[in-house]
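Undergrad: If you scroll down you'll find the structure; I have some questions about it.
Derivation of every value follows stated rules applied to the coordinates shown; laboratory data play no part. Fair warning: this is a prediction, and the values are worked out from it, not measured in the lab. Cβ sites come from the backbone with ideal geometry, for glycine too, and all protein chains shown count toward neighbours.
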Amino acid sequence: MASDGDAVIDRHGFDALIAELRRRGFRTRGPVVRDQAILHDEVSSTGDLPGGWRDQQAPGRYRLEQVGGPELFGWAVGPASWKSEFFPPEEVVWRASVDDGQVTVTEPDGTTEPVALIGIRPCELSALDVLDRVLQGGRVVDDRYAARRAGTFVLAVDCGAPASTCFCSSMGTGPAAGSGYDLALTELTDGRHRFHVRVGSPAGAEVLASVPREPVGDGDVAERRGVLEGARAGMGRVLDTDGLPGLLDGNIDHPRWDEVAERCLSCGNCTLVCPTCFCSDVDDVTDLSGSVERRRRWASCFDIEHSFLHSGPVRASTSSRYRQWLTHKLSTWWDQFDGSGCVGCGRCITWCPVGIDLTEEVAAIRAGDRETVGDAS
Amino acid sequence: MTDERPTVAVWKFASCDGCQLTLLDCEDEFLAIAGAVRFAHFPEVSRASVDGPYDLSIVEGSITTEEDARRIREVRTSSRRLITVGACATAGGIQALRNSAADGAYAGAVYAHPEYLSSLGTSTPIAAHVAVDLELQGCPISAGQLLEVITAELAGRRPVLPSHSVCQECKAAGTVCLPVSRGTACLGPVTRAGCGGLCPSLDRGCFGCFGPSVGANPRALTEHLLEEGTTRAEAARLFATFNVGNPVFGDQAAALSAPERQGGQP
């Protein structure tokens, strides 16, 4: 059933939406095809979007191919996540210089024009919600993140083409956008190429009101339902979340951690493609003139230095580092941030160079749970 | 007035000079470096040489002769701090291929009259001979990392040198993973960061010229490469280059070169 304000737009209407957002001063960024992958860049019209592209994803494998057809969103998420838009891989926190004994500290101007995220997927929208809670929802607010995040316009697109590595249904984050959007589109291609639009905020309603649109018909609603049912059915993976935090807590000595460490490269790819991993390192670097720069850069719990205390790393083995990552993501994240750190986007599976699959690891731990808990008690 | 700048000496052992030339390639910063330190011995720059002791010695190259094995001990004795730069100095370099070959096999292939040579049967890193304060990996080393090391030495702080994989530099640069997106054989996941992910950014798999990252798992990467269709000989060659003298890569190359055993590990 259509809600108040919902509408249907065609591709010209979508172009008009992007144009209207640009007219309002937003930097419009969205998915583009570059280097044989779906990445994020500036988009000024729907012509910049990945029209006719399909992806094939499997553990450790990603391929993109042009199959033709009108679909702009016939693919699942690529290696880039929206995390880097608000929490860049590297940034200067402050600079200090000494002149005549006076120390001057300057912070780079973090203010930017607000961004409109075009075509953000429901799983990524949930990931942003997770990052918001972590980086600006607690006692300590990350000012630079908050400044970049402020005023973001979210134009989400429901997912109709999940990959074999996707499991957002298991995590309750997709395939339809639930909340946190200004506008949410569902791409419909039966007969006529068009988009079902849901309004999620007054700002969304205002922008939608400025573009050519038509009322939602019964056929649109039915087709949208079919797209989402198809997406749920096409979800390549399942993660059984029943009692998951307790399951992992109770199995910290499970032999599976050593087994996965045999295959794990400890390279950190899973954490860097993860849309919610937020760890960073801070370095103070001097130059020959005596100026100091404090730099923050993404860090990974797979780095041996990540757990380095005064006398050495706390987590020296790959086994302990993999366990740290998985238990934080799926278990202790609940204690810390009252939610799951995993949104089911599947990036860590696809972009692991050796294809380690966290859903398989969790299933193995669950399968061996009774025995392990029995031994421990 | 006495010159109170710290003295720096640059030493060459068996090497191509590329790493010490990296210092000269710091064109924008070289004058600042030359202002902050006194180059007491740097033959690529000046014939003038001042006797030690030196505050900092930067050592390039591996030990391949009896004479060099003696000379590096002299360098160590006359240096307050000694850092080694490059794959030759930190792992033995490409010339360490001879360490696991039959006696004289490489010399016979390269020289018309190998009998004129007077060298050791092995090429070994500097740290195998004397105490080393810091090793900077790479073939060649990164100019930015060398500058960071010199700057940190002058400031008396720990240099910021990542020990993690090249993958993290690719991700920071937004380079799409070649092994995953194209099936390219790439040593990035087991190779130490420092190059900025240069080769993958140019559509070429990582050569591993920075040597192993800390905690690298080359055996697991090899298993995956073999599953994906890389031959054992190709995989062996990947690991048997500039850092073959580092056991993390060298042992993997040797295991791949050995006759395949039934059910054996790669």
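Undergrad: Contour minus end-to-end for A:Gln336 and A:Asp190, with contour as 0.36 nm per residue of separation and end-to-end as the Cα-Cα distance?
TA: Taking 0.36 nm per residue and subtracting the Cα distance, the gain is 48.1 nm.
Undergrad: Between A:Arg294 and A:Thr111, how high is the FRET efficiency from 1/(1 + (r/R0)^6) when r is the Cβ-Cβ distance and R₀ = 25 Å? Nearest 0.05.
TA: 0.85
Undergrad: Describe numerically, in nm with one decimal, the distance between label points set 7 Å from Cα along Cα→Cβ at A:Asp10 and at A:Val140.
TA: 5.4 nm
Undergrad: Out of A:Pro31, B:Ile83, B:Asn99, whose Cα points farthest toward the positive end of the dipole of the protein assembly as shown (charges: +1 Lys, Arg; -1 Asp, Glu; placed on Cβ)?
TA: The listed residue farthest towards the positive side: B:Asn99.
Undergrad: Let me ask something else. Does chain B classify as rounded, prolate or oblate by the C-alpha gyration tensor (a ≥ b ≥ c root eigenvalues; a/c under 1.5 gives rounded; else a/b over b/c gives prolate, otherwise oblate)?
TA: Note, shape of chain B comes out oblate.
Undergrad: Let me ask another. If one computes the Cα centroid of the stretch A:77-142 and of the stretch A:155-212, what distance in Å separates the two points?
TA: Comparing the Cα centres of the stretch A:77-142 and the stretch A:155-212, I get a distance of 25 Å.
Undergrad: Would you work out the charge dipole size for the protein assembly as shown about its Cα centre, treating the Cβ of every Lys and Arg as +1 and the Cβ of every Asp and Glu as -1, and quote it to the nearest 20 debye?
TA: 460 debye
Undergrad: Turning to a different aspect of this structure: If you take the beta carbon distance between A:Ser44 and A:Asp283 as r and set R0 to 45 Å, what does 1/(1 + (r/R0)^6) give as a FRET efficiency, to the nearest 0.05?
TA: 0.75
Undergrad: Continuing with the same structure: Which of the trypsin sites (Lys or Arg not before Pro) across the stretch B:1-59 are loop residues per DSSP, with 10 or fewer other Cβ within 10 Å?
TA: When the trypsin sites (Lys or Arg not before Pro) of the stretch B:1-59 are filtered for loop state and at most 10 Cβ neighbours within 10 Å, B:Arg47 remain.
Undergrad: I would also like to ask the following. Under a Cβ-only charge scheme (Lys and Arg +1, Asp and Glu -1), can you give me the dipole magnitude of chain A about the Cα centre, in debye to the nearest 20?
TA: The dipole magnitude comes to about 420 debye.
Undergrad: Which trypsin sites (Lys or Arg not before Pro) does the stretch A:95-178 hold that lie in a coil by DSSP with at most 10 other beta carbons within 10 Å?
TA: Passing both the DSSP loop test and the Cβ count: A:Arg139.
Undergrad: When averaged across all projection directions, what area in nm² does the alpha-carbon convex hull of the stretch B:151-205 cover?
TA: The directionally averaged projection comes out at 4.1 nm².
Undergrad: How much length is gained on full extension from B:Val50 to B:Thr122, taking 0.36 nm per residue of separation minus their Cα-Cα distance?
TA: Full extension from B:Val50 to B:Thr122 adds 22.8 nm.
Undergrad: Still on this model: Pick out, in residue order, every one of the trypsin sites (Lys or Arg not before Pro) in the stretch B:167-225 that is DSSP loop and has at most 16 other C-beta atoms within 10 Å; say none if there are none.
TA: Passing sites in the stretch B:167-225 are B:Arg204.
Undergrad: Computed FRET efficiency, Cβ-Cβ of B:Thr65 and B:Ala131, R0 30 Å: what is it to the nearest 0.05?
TA: 0.90
Undergrad: Still on this model: Considering the options A:Val67, A:Ala222, A:Ala203, tell which one lies farthest towards the positive end of the dipole of the stretch A:7-233, charges being +1 on Lys and Arg and -1 on Asp and Glu at the Cβ, about the Cα centre.
TA: Ranked along the dipole, the leading option is A:Ala222.
Undergrad: For a test of the definition: using alpha carbon positions, the gyration tensor, and the 1.5 limit on a/c, classify chain A as rounded, prolate or oblate.
TA: Taking the square roots of the gyration eigenvalues as a ≥ b ≥ c, chain A is oblate.
Undergrad: Moving on to the next point. Please enumerate, by chain and number, the lysines with C-alpha under 24 Å from the C-alpha of A:Lys329, excluding those fewer than 8 residues away in the same chain.
TA: Result set, ordered by chain and number: A:Lys83, B:Lys171.
Undergrad: Once you order the gyration tensor axes a ≥ b ≥ c over the Cα atoms, which shape class does the protein assembly as shown get: rounded for a/c under 1.5, otherwise prolate or oblate by comparing a/b with b/c?
TA: Prolate, because a/c is 1.5 or more and a/b exceeds b/c.
Undergrad: Continuing with this model, one more query. To the nearest 500 deg cm²/dmol, what mean residue ellipticity at 222 nm is calculated for chain A from DSSP H runs of n ≥ 4 alone, each contributing -39,500 (n - 2.57), summed and divided by the residues?
TA: Result for chain A: -9000 deg cm²/dmol, rounded to the nearest 500.
Undergrad: List the residues whose amide H sits under 5 Å from the amide H of A:Ala116, counting only those 5 or more places along or on another chain, with H placed 1.01 Å from N in the peptide plane.
TA: Long-range HN contacts for A:Ala116: A:Arg27, A:Thr28, A:Arg29, A:Phe153.
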